[in-house]
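Right, one structure below, let's go through it.
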Amino acid sequence: MKVVILGSGSKGNCTYIETKSKKILIDAGLSLLQIRSRLAQNNIVFSGVDLVLITHEHIDHIKYLSSILVKTNATLCIHEDTYHECNRRLSGALTYAKTHFIQKDKRYTIDELSFIPMELSHDATNCFGYILKEESSECDNITYASITDTGYVPNKYYNILSTIKVVLLESNHDVLMQKRSGRPWILINRVLSQKGHLSNEQCVEVLSKIVTDKTKKIILGHISEECNIPKLAQDTVRNAFNNQLPFILEVAMQHEPLEIIEVEKC
């Protein structure tokens, strides 16, 4: 499994995943032009996509959804309530899209790819994280999880997350920076609420419960450009593990892609 986090943050979210026979996008907050360009930086020639998995209906996750579906003829995988809200926000542009409604905690399998939508907590109609696995005769742990846009991670997922090889986990803000940001209090309270975003400290709390010897790489995502600093987010994690990280630590950025993650080689 190849994973390229193309962009993560409030200005646009999109991740490209490639298995033996399937090409997947998680979210569509970047244009097809940007997707092609950012994949090209990793020497990947974009040749289409089979599935688009949507987390929720906020514009930084769906802005280019309709045009991507039209140009790629991909199948949209989405919660039914999220679909209707997305279709409303996109002025009916999803009406004729190939759509498959998905539900929380159910496993979906297409050829060698399986995925499970995780129920997250965000101020949206519905919000999913995703756990993906590629079946292989050579490796039994080709697994990736994407968890952003949530005020907390439900306890019921800790056991399965402790088996995942690579995890993208939200580390959105520093609480003190958020409170001193000068933003409207309604926005500050939203971000800090259980339907908001994970702080650096909350991210560390989740990591303390899911990191095992199976964990090979953690990517910190959805970093706030106003209320966080990538180094601060990284240092919070390093300090929690006494500067002896048992995994590789990276940060997903807004305006540039991460290098290819080859999950089976991690």
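The values are calculated or read from the model by the stated rules, or taken from the named source; none is laboratory data. Values in this document were obtained by computation on a predicted structure and should not be read as measured data. Every residue, glycine among them, receives a Cβ derived from its backbone with ideal geometry; neighbour counts consider all protein chains shown. Just so you know, the surface numbers come from the protein's heavy atoms only, side chains and all, with ligands and any DNA or RNA stripped out. Shrake-Rupley method; radii C 1.70, N 1.55, O 1.52, S 1.80 Å.
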*Please report, to two decimal places, log10 I(q)/I(0) for the stretch 214-266 at q = 0.20, 0.21, 0.22, 0.23 Å⁻¹ as given by the Debye formula with identical point scatterers on the Cα atoms and no solvent.*
-0.79, -0.85, -0.91, -0.97
*Hey, how many Å between the Cα centroid of the stretch 211-237 and the Cα centroid of the stretch 56-88?*
27 Å
*R0 = 22 Å: FRET efficiency of Lys106 with Lys20, Cβ-based, nearest 0.05?*
0.45
_Step by step: find N for the stretch 116-266, compute 2.2 N^0.38 Å, then divide the Cα radius of gyration by it. What's the final number?_
1.04
*asked:* Given points 7 Å out from each Cα along the Cα-Cβ axis, report the Asn189 to Gln244 separation in nanometres with one decimal.
replied: 4.4 nm
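Using Stokes-Einstein with the Kirkwood hydrodynamic radius over Cα pairs, what translational diffusion coefficient do you get for the chain at 37 °C and a viscosity of 0.692 mPa s, in µm²/s rounded to a whole number?
178 µm²/s
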*Sum -39500 (n - 2.57) across every DSSP H segment of at least 4 residues in the chain, then divide by the residue count to get the 222 nm mean residue ellipticity, nearest 500.*
-7000 deg cm²/dmol
*Anyone know which of Gly196, Gly129, Gly182 comes out most mobile in the 10 Å Cα GNM of the chain?*
Gly182
_Which entries of Lys98/Lys265; Lys2/Lys231; Lys71/Lys156; Lys106/Lys231; Lys20/Lys231 have Cα-Cα distances beyond 30 Å here?_
Lys98/Lys265; Lys71/Lys156; Lys106/Lys231; Lys20/Lys231
_Please compute the contact order of the stretch 179-266 in relative form: average sequence separation of alpha-carbon pairs under 8 Å and at least six residues apart, divided by the residue count, as a percent._
30 percent
*With springs only between Cα atoms under 10 Å, which of Leu187, Leu132, Leu32 fluctuates most in a Gaussian network model of the chain?*
Leu187
_Pairs of alpha carbons in the stretch 183-256 whose separation is greater than 14 Å (percent)_ = 64 percent
*asked:* Within 10 Å, at most 15 other Cβ atoms, and a DSSP state outside H, G, I, E, B define an exposed site. Report the longest part of the chain free of exposed trypsin sites (Lys or Arg not before Pro).
replied: 21-97
*Round to a whole number: what % of the accessible area of the stretch 32-164 belongs to carbon and sulfur, probe 1.4 Å?*
45 percent
_With only alpha-carbon atoms in the gyration tensor, what are the semi-axes of the equivalent ellipsoid for the stretch 39-106, in Å, largest first?_
21, 14, 12
_Once you order the gyration tensor axes a ≥ b ≥ c over the Cα atoms, which shape class does the stretch 26-142 get: rounded for a/c under 1.5, otherwise prolate or oblate by comparing a/b with b/c?_
oblate
*asked:* If each residue of separation counts as 0.36 nm, what is the full-extension length gain between Asp123 and Lys98 once their alpha-carbon separation is subtracted?
replied: 6.4 nm
*When only C-alpha pairs under 8 Å and at least 6 residues apart count, what is the relative contact order of the chain, in percent?*
19 percent
*By a straight-distance test (C-alpha under 19 Å), which aspartates and glutamates pair with Lys11 as possible cross-link partners, with residues fewer than eight away in the same chain excluded?*
Asp27, Glu57, Asp60, Asp123, Asp149, Glu170, Asp174, Glu225, Glu226, Glu256
*Rg/Rh for the stretch 1-70: what does it come to with C-alpha atoms and Rh from Kirkwood?*
0.93
*In percent, what relative contact order does the stretch 116-221 have, based on Cα pairs under 8 Å that are 6 or more apart in sequence?*
30 percent
*For the stretch 164-210, rounded, prolate or oblate, judged on the Cα gyration tensor with a ≥ b ≥ c (square roots of eigenvalues), a/c < 1.5 rounded, else prolate if a/b > b/c?*
prolate
*Find the accessible area per residue for the chain; the probe is 1.4 Å, ligands and nucleic acids are left out, and the unit is Å².*
45 Å²
*Which FRET efficiency value, to the nearest 0.05, is calculated for Lys265 and Met177 with the Förster distance at 35 angstrom and r the Cβ-Cβ distance?*
0.45
*asked:* Over all directions, how big on average is the projection of the convex hull of the alpha-carbon atoms in the stretch 99-184, in square nanometres?
replied: 7.7 nm²
